[in-house]
């Protein structure tokens with residue numbers, strides 16, 4: 001009998017936003033896999049650090065933070081080979097995933113390499129989407145609202161059309177596109193309906209009205225939420241970190 | 001000092017998909033509030049039943065399951081008054097919310113009545129969106145995908161346009177619109193890219209390819225996911241409950 005590959009959502013960063021199921025699986029794991037950037041420690045590992053059993057085998061998938069996809073492809077091929085050996089030997093593998101494994105997660109690169117050969121079980125997690133809504137203290141969607149989750153990298157005309165056509169909008173991967181997004185939202189008279197959250201639920205979380213955000217670019221773990229909806233509440237004037 | 005109103009996400013139904021923070025707050029609560037339908041027991045209460053402290057005051061918001069909004073408005077007004085008395089007396093109130101409080105949740109009706117006067121803290125939860133993706137065992141979104149979350153009640157032309165323009169689509173509140181949605185997806189040649197999950201993560205969860213779903217309507221707790229994305233995987237042929 002081969003082992004099972006678990007894709008375990010850790011939630012957005014606060015270890016207390018891990019699910020009980022994630023906590024149980026990690027606490028009992030013999031083999032644990034997680035992504036890490038070559039520029040520093042693994043955020044995924046840090047969220048679970050307190051409960052990773054001493055003596056567990058840890059397989060770190062160290063990703064080069066570069067534009068090209070080829071190095072990442074090689075890294076995932078190697079990681080998939082290492083996990084295959086464990087799974088073939090009957091060992092379960094718990095893969096730690098920031099947020100939710102299937103919501104913009106890197107787990108899919110292991111999933112697409114291994115799911116045809118091994119049993120996979122996904123443990124869903126709290127996403128940054130609702131963690132950001134919680135941080136902004138404003139309902140994201142209700143009743144018959146439409147929600148659009150969009151990369152901030154889309155061209156202006158496309159972004160404008162999609163923002164016009166949804167009641168609530170989440171912009172991911174804003175990063176270097178922040179000033180362009182702000183200009184667009186000012187032009188659409190939606191700038192006062194937008195908030196930005198950096199590192200939702202983490203110890204260094206910040207929360208701003210987008211109009212008051214003091215930086216020209218946004219960090220990797222950040223999201224812009226734009227609210228319209230029936231009530232057309234604007235964000236509280238007093239909002240700050 | 002007034003108490004704090006906690007909006008606590010319980011996750012999609014499996015009690016083990018509750019977060020550690022939700023577990024802690026509920027286990028220590030003195031006053032607990034939850035929604036219930038007048039037609040049966042409270043799903044929210046049932047998810048947390050094992051950890052609700054004996055002797056906690058329970059305030060049940062019993063909603064008439066009817067089309068008109070007025071009875072619900074009166075019920076929320078009364079509930080907000082009851083919670084105000086507790087909060088004014090310095091008592092914290094833990095409100096149980098299926099899924100996530102700010103993701104299509106009824107908590108917003110208490111939030112809009114109480115958040116101007118009392119401190120509110122939201123504990124985000126696992127949504128049915130990612131629980132359904134986990135049940136279908138297929139990544140929902142990756143990289144630069146756009147995601148549209150839509151009510152199945154939208155008119156055909158609108159639904160078609162929005163489905164055409166997103167890589168991944170979640171249809172909520174399909175219910176009596178199921179046959180219409182199926183016909184539309186057949187016409188769009190997307191029927192083989194759609195799955196339907198009833199009661200994700202609950203004991204009576206079912207999972208089907210939409211083409212094989214044996215019912216003409218879908219229950220309240222169900223969702224259709226439509227996948228396109230780069231890889232254009234179709235759902236496994238063998239998929240069943």
Criterion (on the phi > 0 side of the Ramachandran plot and touching a helix residue (DSSP H, G or I) at 6+ places or on another chain (Cβ under 7 Å)) met by exactly one of B:55, B:7, B:13, B:3: B:13
Residues being surrounded by fewer than 23 Cβ atoms within 10 Å (Cβ to Cβ) and in a strand (DSSP E or B) - total across the stretch A:1-39: 4
Check on residue A:72, surrounded by fewer than 19 Cβ atoms within 10 Å (Cβ to Cβ) and within 14 Å of chain B (Cβ to nearest Cβ): yes
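Please pick out the residue among A:76, A:34 that is in contact with a helix residue (DSSP H, G or I) (Cβ under 8 Å, 6 or more places away or on another chain) and more than 19 Å from residue A:14 (Cα to Cα).
Step by step, each of A:76, A:34 is checked, and only A:76 is in contact with a helix residue (DSSP H, G or I) (Cβ under 8 Å, 6 or more places away or on another chain) and more than 19 Å from residue A:14 (Cα to Cα).
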Filter pass, residue B:112 being closer than 23 Å to residue A:133 by Cα, surrounded by fewer than 18 Cβ atoms within 10 Å (Cβ to Cβ) and either in the same structural domain as residue B:22 (by TED's automatic domain parsing) or in contact with a helix residue (DSSP H, G or I) (Cβ under 7 Å, 6 or more places away or on another chain) (or both): yes
Residue that is surrounded by the most Cβ atoms within 10 Å (Cβ to Cβ), among those in the stretch A:115-151 that are more than 7 Å from every other protein chain (Cβ to nearest Cβ), part of a loop (DSSP other than H, G, I, E, B) and in contact (Cβ under 8 Å) with a residue 12 or more places away in the chain: A:138
Qualifying residue in the stretch B:158-172 (condition: facing chain A (nearest Cβ under 7 Å), within 17 Å of residue A:143 (Cα to Cα) and in contact with a strand residue (DSSP E or B) (Cβ under 6 Å, 6 or more places away or on another chain)): no
Number of the condition not met by residue A:24 [criteria: (1) within 13 Å of chain B (Cβ to nearest Cβ); (2) free of Cβ contacts under 8 Å to residues at least 60 places away in the same chain; (3) in contact with a strand residue (DSSP E or B) (Cβ under 8 Å, 6 or more places away or on another chain)]: (3)
Residue satisfying all of: in the stretch A:88-114; within 17 Å of the chain's Cα centre (by Cα) and in a helix (DSSP H, G or I); farthest from the other protein chains (Cβ to nearest Cβ) among these: A:110
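The values are calculated or read from the model by the stated rules, or taken from the named source; none is laboratory data. Just so it is clear, the structure is predicted and the values come from calculations on it, not from any experiment. Every residue, glycine among them, receives a Cβ derived from its backbone with ideal geometry; neighbour counts consider all protein chains shown.
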